[in-house]
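Have a look at the structure that comes next, please.
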Amino acid sequence: MVAVKETVEQVKTLDVDQYKYGFSTDLEVDKAPKGLSEDIVRFISAKKGEPEWMLEWRLDAYKRWLTMTEPTWARVHYPQIDFNESYYYAAPKLNAAPKTLDEVDPAILDAYKKLGIPLREQEILAGVTTSKVAVDAVFDSVSVVTTFKEELKKAGVIFCSISEAIKEHPELVRKYLGTVVPVTDNYYATLNCAVFTDGSFVYIPEGVRCPMELSTYFRINEKNTGQFERTLIIAEKGSYVSYLEGCTAPQRDENQLHAAVVELVTMDDAEIKYSTVQNWYPGDADGKGGIYNFVTKRGDCRGANSKISWTQVETGSAITWKYPSCILRGDNSRGEFYSIAVSNGMQQVDSGTKMIHLGKNTTSRIISKGISAGRSQNTYRGQVSAHRKASNARNFTNCDSLLIGEQCGAHTVPYLESKNASAVFEHEATTSKISEEQMFYCRQRGLSAEEATALIVNGFVKDVLQQLPMEFAVEAQKLISISLEGSVG
Amino acid sequence: MLEIRNLHVAIEDGSKKILNGLDLTIHNGEVAAIMGPNGSGKSTLSYVIAGKPDYEILDGEILLDGENLLDMEPDARAAAGVFLAFQYPLEIPGVATMTFLKAAMNAQSRARGEGELKTPDFMRRVKVGAEKLGIPQEMLRRGLNVGFSGGEKKRMEILQMALLEPSIAILDETDSGLDIDALKIVSEGVNALRSADRSFLVITHYQRLLNYIVPDTVHVMSKGRIVKTGGKELALELEANGYADYVSDVAA
């Protein structure tokens, strides 16, 4: 099989140079001293000008974290992380709390421009191709700007950084923070509780359909700095919001830690659609550098007939450890998880979801597409469970894996648990390779090997891409092609 | 013009030699049929011309209008005008037939340094081509060849041939698995594409197809060589007498 040999050769020489967001921005920064201690937690809280209750919450989390151990059950391998070798706070010095876009350091605006993220409302409005999207831009440890705030306010929607919400809307934050992902949920989530720096806060009042897409763009810029984002989205009765999240980081030789917590709450008849395109720096061909992405994302369908839908396109990070989940508490509530996880080079992905059926007539749907190339390892890990009161719970799971080349791996680890006899769980899984025959057929029609691979892969992920908002789907499709560049002969 | 000279080919791992000094010339506008028993190397010949990677070329050359195809990648050969209608067309799940057709046509025009097709022109050409072959529009929206019947797949091959306008079209047992009605439709499709600057290589077991696609020359293949060449009447003779005269010395 000549083509396979070529693929193998190609993979050997594979470089992750195709990462297009690897630039860094030179800025004067305000940093916390290196390392992690109670003083650092106090430092962060003071920098944020937080109220006492928030500091107490953080300190409590920090104390609990000290007693916890790092989980090792995931199919990922990496050297022991020295948590004292990282910086836990880094903020651009110039005008740390800008009131308007004109006060933001031009170097940061330039960085977002390079990333293709529009921050000027008039530019977005002038744009003919994209529909209106409000953006919260988080740069290292701080939110630098949030657009369309005024317009959203008119609809009653609160969209701001979590730091601002803690000060401006403490009653909402206190009511919901940590109620979906408890402080002691897991090692990384607890660490996040202690040292989280920024992220987004969204509140959609009763009966409101959010008038535009909301999005947060996370950028890690500083060297040796961890990013600990915290996002909280609350959808009151009968409301709806679609939220998008994007992430990139510069190309650096050291591994950097990203440990986020995202909590979603939907009340009766509410719906949250949460989409992610994760493209953190994946490391080089030998696995040097790259982001360690340890993320806890969970949605709580607290009300009846509510719905939470996660869609993720994961192409970056050296290590991905991420399981966006739904707690289906309200009767007739619905959870969805649509995922495309692409791994190349030496990347390791252990990702999936949990669907916890608690209420009656709850339904969930999981569609996972894993694509492995290079020497990467790609694991789907998913849990579906039905509580004894979850009569008529229904789940449908479909996990497909596609292998490119001979040196990568795909793994599927489903956990199914039902305590109610009327629950019905369906699980389908397939693993396939792009066959030599398919490749030859496409090339006989004039497509190059790369074009043929991109076409076959796009066909493979189509079901999930269709779940993404239009502009995002186009972006994601390009990203997948870029991530797989050099993976075929 | 396609010229094959002294072609020696083995399976890639060298375990088995399949073509043993094959010579064949097909002139522009000519329809050549190759007939022969199972295992004589007919399909291998079609794959080697198209550039399938599983074979080792030991000797010889394949020239298309003087250019050596053996130096070219499969996609470059396609752009140079080689088209192979597969005996078993492949399925590409999730890729709409329409998308695939456009990708293929654009890839070939790019490779030839021509501009890409405008979408309305493309749509019109596909619509006209599909109608001639009795391919419903709905099929063009489905994944390529996914869930198509044998006959539908073959018609789709002919549609691709019509759209890609090759200079040499190879039909590898296009008649296999077709009922008589489908055979007629496919043959009419092929006949409509016959022209002075396009040649065909029709590979078949049976004379039946050649009633519909009438060849200019018929070549009998055995043990990886062309052992007899004649006009269309040779096909009838083979139909009557079988291949025994040509393969008798193979038995052992």
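In segment A:427-446, which residues are within 13 Å of chain B (Cβ to nearest Cβ), touching a residue at least 12 places away in the same chain (Cβ under 8 Å) and of a type in the set (D, E, K, R)?
Within segment A:427-446, A:Glu436 is the sole residue that qualifies.
Out of all the residues in segment A:462-472, which are open to solvent by less than 60 Å² (accessible area, probe 1.4 Å) and more than 10 Å from chain B (Cβ to nearest Cβ)?
Within segment A:462-472, A:Val464, A:Gln467, A:Leu468, A:Pro469, A:Phe472 meet the criteria.
Then there is this: Scan segment B:57-68 and tell me whether some residue there is part of a loop (DSSP other than H, G, I, E, B), of a type outside the set (D, E, K, R) and more than 14 Å from chain A (Cβ to nearest Cβ).
yes
Spot the failing condition for A:Leu468; the list is (1) aliphatic (A, V, I, L, M); (2) without any contact (Cβ under 8 Å) to a residue 24 or more places away in the chain; (3) part of a loop (DSSP other than H, G, I, E, B), and only one is missed.
(2)
While we're here: Cβ-Cβ under 9 Å, sequence separation 6+ or interchain: first residue in segment A:279-294 and in a strand (DSSP E or B), partner acidic (Asp, Glu) and open to solvent by 10 Å² or more (accessible area, probe 1.4 Å). Which pairs?
Going by the 9 Å Cβ cut-off, the qualifying pairs are A:Gly290/A:Asp284.
Pick from B:Val202, B:Val214, B:Val247, B:Val186: which is surrounded by 16 or more Cβ atoms within 10 Å (Cβ to Cβ) and modelled with pLDDT of 90 or more?
Residue meeting the stated conditions: B:Val202.
Among the listed residues A:Ala454, A:Ala449, identify the single one that is open to solvent by 20 Å² or more (accessible area, probe 1.4 Å) and of a type in the set (A, V, I, L, M, F, W, C).
A:Ala454
Inside segment B:197-219, can you point out the residues that are aliphatic (A, V, I, L, M) and over 15 Å from the mean Cα position of the chain (by Cα)?
Selection gives B:Val214, B:Val218.
Consider A:Gly459 against the criteria (1) open to solvent by less than 20 Å² (accessible area, probe 1.4 Å); (2) touching a residue at least 24 places away in the same chain (Cβ under 8 Å); (3) within 14 Å of chain B (Cβ to nearest Cβ): it satisfies all of them except one. Which criterion is unmet?
(2)
Is there any pair with a first residue in segment B:32-52 that is more than 14 Å from chain A (Cβ to nearest Cβ) and closer than 16 Å to B:Leu171 by Cβ and a second that is part of a helix (DSSP H, G or I) and not hydrophobic (A, V, I, L, M, F, W, C) whose Cβ atoms are under 7 Å apart and which are 6 or more apart or on different chains, and what are they?
That search, which allows pairs on different chains as well, returns B:Ile34/B:Lys42; B:Gly36/B:Lys42.
Can you pull out every residue in segment B:75-88 that is within 11 Å of chain A (Cβ to nearest Cβ) and within 14 Å of the chain's Cα centre (by Cα)?
B:Arg77, B:Ala78, B:Gly81, B:Val82, B:Phe83, B:Leu84, B:Ala85, B:Phe86, B:Tyr88 - these are the residues of segment B:75-88 that are within 11 Å of chain A (Cβ to nearest Cβ) and within 14 Å of the chain's Cα centre (by Cα).
Taking A:Lys114 as meeting all but one of (1) within 30 Å of A:Ser376 (Cβ to Cβ); (2) open to solvent by 20 Å² or more (accessible area, probe 1.4 Å); (3) at pLDDT 85 or above, write down the number of the exception.
Unmet for A:Lys114, out of (1) within 30 Å of A:Ser376 (Cβ to Cβ); (2) open to solvent by 20 Å² or more (accessible area, probe 1.4 Å); (3) at pLDDT 85 or above: (3).
Please verify whether segment A:387-403 includes one or more residues that are modelled with pLDDT under 90, of a type outside the set (S, T, N, Q) and touching a Leu at 6+ places or on another chain (Cβ under 6 Å).
no
Another question, then. I need the strands (runs of 3 or more DSSP E) fully contained in segment A:367-426, keeping only those with at least 1 residues that are open to solvent by 60 Å² or more (accessible area, probe 1.4 Å) and without any contact (Cβ under 8 Å) to a residue 40 or more places away in the chain.
A:394-403, A:409-418
(1) at pLDDT 90 or above; (2) open to solvent by 10 Å² or more (accessible area, probe 1.4 Å): which one isn't true of A:Met346, the others all being true?
(1)
In segment A:237-291, which residues are closer than 30 Å to A:Asp331 by Cα and among the hydrophobic types (A, V, I, L, M, F, W, C)?
Correct list: A:Val241, A:Leu244, A:Ala260, A:Val261, A:Val262, A:Leu264, A:Val265, A:Met267, A:Ala270, A:Ile272.
Something else now. Hey, B:Thr25 hits all of (1) open to solvent by less than 20 Å² (accessible area, probe 1.4 Å); (2) in contact with a strand residue (DSSP E or B) (Cβ under 7 Å, 6 or more places away or on another chain) but one; which does it fall short on?
(1)
For segment B:70-102, how many residues meet the condition of being within 23 Å of B:Thr204 (Cβ to Cβ), surrounded by fewer than 22 Cβ atoms within 10 Å (Cβ to Cβ) and not aliphatic (A, V, I, L, M)?
Counting residues in segment B:70-102 that are within 23 Å of B:Thr204 (Cβ to Cβ), surrounded by fewer than 22 Cβ atoms within 10 Å (Cβ to Cβ) and not aliphatic (A, V, I, L, M) gives 3.
For every residue, the table says whether it meets (1) among the β-branched types (Val, Ile, Thr); (2) open to solvent by less than 10 Å² (accessible area, probe 1.4 Å); (3) not in a strand (DSSP E or B).
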| position | (1), (2), (3) |
| --- | --- |
| A:Tyr217 | no, no, no |
| A:Glu222 | no, no, yes |
| A:Arg230 | no, yes, no |
| A:Ile233 | yes, yes, no |
| A:Gln251 | no, no, yes |
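Filter segment A:183-215 down to residues that are assigned to a helix (DSSP H, G or I) and among the hydroxyl-bearing types (Ser, Thr, Tyr), then give me how many there are.
Residues that pass the stated criteria total 3.
Okay, moving on. Name the one entry in A:Asp60, A:Asp102, A:Asp136 that is at negative phi, at pLDDT 85 or above and either out of contact with any Cys (no Cβ under 6 Å at 6 or more places or on another chain) or assigned to a helix (DSSP H, G or I) (or both).
A:Asp60
What's the number of the condition A:Ala454 fails, among (1) touching a strand residue (DSSP E or B) at 6+ places or on another chain (Cβ under 6 Å); (2) within 14 Å of chain B (Cβ to nearest Cβ); (3) aliphatic (A, V, I, L, M)?
Going through the list (1) touching a strand residue (DSSP E or B) at 6+ places or on another chain (Cβ under 6 Å); (2) within 14 Å of chain B (Cβ to nearest Cβ); (3) aliphatic (A, V, I, L, M), A:Ala454 breaks only (1).
Moving on to the next point. Taking the criterion of being assigned to a strand (DSSP E or B), buried (at least 19 other Cβ atoms within 10 Å of the Cβ) and in contact with a helix residue (DSSP H, G or I) (Cβ under 9 Å, 6 or more places away or on another chain), would at least one residue in segment A:162-182 satisfy it?
No, every residue in segment A:162-182 fails to be assigned to a strand (DSSP E or B), buried (at least 19 other Cβ atoms within 10 Å of the Cβ) and in contact with a helix residue (DSSP H, G or I) (Cβ under 9 Å, 6 or more places away or on another chain).
The values are calculated or read from the model by the stated rules, or taken from the named source; none is laboratory data. Predicted, not measured: the structure shown is a model, and the values here were computed from it. When we count neighbours, we look across all protein chains shown, and the Cβ atoms used for this are built from the backbone with ideal geometry, even at glycine. Just so you know, the surface numbers come from the protein's heavy atoms only, side chains and all, with ligands and any DNA or RNA stripped out. Shrake-Rupley method; radii C 1.70, N 1.55, O 1.52, S 1.80 Å.
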